[in-house]
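Enquirer: Below you will find the structure I want to go over with you.
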Amino acid sequence: MLTPLHLTPTFGFGDRLGLATPGHIAAIRGTRFAPVFAQQSVRENARTGRTPQQVLDDAKRAVDAAKWDSAWGADADHLKTVDDILPFIEAGYTFFTIDPGEHVDNRADTDSPEALKQKIKGFNWDELSALYLHGDDQQTWGVFDSESLMRAMVKYGKATQQTVAMFKRLSELKEAFDFEVSVDETDLPTTPLEHFFIANELRRLGVRFTSLAPRFIGRFEKGVDYIGDLSVLDTELSKHAAVTRHFGTYKLSLHSGSDKFSVYPWISKYWGKRIHVKTAGTSYLEALRVLAKHSPDLFLKIYSLACERYETDKRTYHVSAQLDQLPSMDDLPSLLDDFHARQILHVTFGSALTQFGAELKQVLQKHETAYLEGLHAHFEKHLQLLQVSG
Ligand code: ZN
């Protein structure tokens, strides 16, 4: 049943090929998570040439075939403008991820006090300073002074307004839905105090959100494990968790959530069942693993195209792979375990599918059991680490 999932723990599976859902179902069955299939962003649809309706139809077909009769959701991912919303509503999506990142002012952290004062003229300083400047009640996530409040207002004020506008539009169009706010693709990390500010502003302005995705410190890059100091991240996560607990009304959402094996135990420790995890490109990489084994010629064509396209295609993604660090090609499937090869293949999916999409799908249909088993094993690893507590 396609339905909003509210505070149920959820796991999001993007499927850029429309063939991965059977493997996703195999992995999620028997876990405490409800699945969100058909998780596809506007950017991904542009690169794969699929419509929101096609993405949802592919997922529905797999859900019916696998006789999955429990609740599931469909995620209209990274919606940036009010105009992005309608096609997803019409198709029947239940989960809407708003990305107001373009309205985040990334210079706010380093602006001079004079520049800040100019910028806050568009906001209601008297009202907000009365709300946020108490001075004495120190919280786990910190406390505002007038400068840090100005910086938070400048950095996230417009993004908050954009989110309110998107929420209002959605509420006009649909009665019940999951609403996620994501600032995970901004240049700078979201501090716990800023997290508090965003959540509190949204609540104050009447936005009922189900989940929130901050940008954490360190690097949550595509298709690879966390890069950064885990003990620093641990301290930071504990403060973010205090913010989430304070409100008690929404889940923590982890974007670029695939392959972060070293981080899952912490996420589980701090948020327990109050989580949503998003994955997408890792399912495409599992498809390429099938190819590397069963159709090496096609794999090599995609791999060389990926190397050609990488510098261009990587621009809108958080990745740090380098072409001159690629390993030797003695064993093709093992390339799918290499940091650099994974990221290079990951961000070039649009180019690869434009040129080789039809052939790739043929191979996957021929080897559907191999694809299903690969996905099952890969996601089981994720879900087991996220199940440890709560
Ligand atoms: Zn994201």
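The values are calculated or read from the model by the stated rules, or taken from the named source; none is laboratory data. This structure is a prediction, so every number in the text was calculated from the model and none was measured. Virtual Cβ from ideal backbone geometry, glycine too; neighbours counted across all protein chains shown. To get the accessible areas, we keep the full protein, side chains included, count just its heavy atoms, and leave off ligands, DNA and RNA. Shrake-Rupley method; radii C 1.70, N 1.55, O 1.52, S 1.80 Å.
Enquirer: So, in the range 73-87, how many residues would count as being within 16 Å of the ligand (Cβ to nearest atom), open to solvent by less than 30 Å² (accessible area, probe 1.4 Å) and either outside the structural domain of SER253 (by TED's automatic domain parsing) or of a type outside the set (Gly, Ala, Ser) (or both)?
Expert: Result for the range 73-87: 4.
Enquirer: In the range 113-122, is there at least one residue being out of contact with any helix residue (DSSP H, G or I) (no Cβ under 6 Å at 6 or more places or on another chain) and within 16 Å of the ligand (Cβ to nearest atom)?
Expert: No - not one qualifying residue is present in the range 113-122.
Enquirer: Assuming LEU212 fulfils every condition listed in (1) in a helix (DSSP H, G or I); (2) within 14 Å of the ligand (Cβ to nearest atom); (3) aliphatic (A, V, I, L, M) apart from one, which condition is it?
Expert: The single condition LEU212 does not satisfy is (1).
Enquirer: Tell me, which residue of the range 109-124 that is open to solvent by 60 Å² or more (accessible area, probe 1.4 Å) and not basic (Lys, Arg) is nearest to VAL243 (Cα to Cα)?
Expert: ASP109
Enquirer: Let me ask another. Can you name the number of the only condition in (1) touching an Asp or Glu at 6+ places or on another chain (Cβ under 7 Å); (2) open to solvent by less than 30 Å² (accessible area, probe 1.4 Å); (3) assigned to a loop (DSSP other than H, G, I, E, B) that LEU298 fails?
Expert: (3)
Enquirer: Which count do you get for residues in the range 250-272 that are touching a Leu at 6+ places or on another chain (Cβ under 8 Å) and open to solvent by 10 Å² or more (accessible area, probe 1.4 Å)?
Expert: Counting residues in the range 250-272 that are touching a Leu at 6+ places or on another chain (Cβ under 8 Å) and open to solvent by 10 Å² or more (accessible area, probe 1.4 Å) gives 6.
Enquirer: Report yes if some residue within the range 54-72 is over 29 Å from ALA377 (Cβ atoms) and either more than 16 Å from the ligand (Cβ to nearest atom) or touching a strand residue (DSSP E or B) at 6+ places or on another chain (Cβ under 7 Å) (or both); otherwise report no.
Expert: No, the range 54-72 contains no residue that is over 29 Å from ALA377 (Cβ atoms) and either more than 16 Å from the ligand (Cβ to nearest atom) or touching a strand residue (DSSP E or B) at 6+ places or on another chain (Cβ under 7 Å) (or both).
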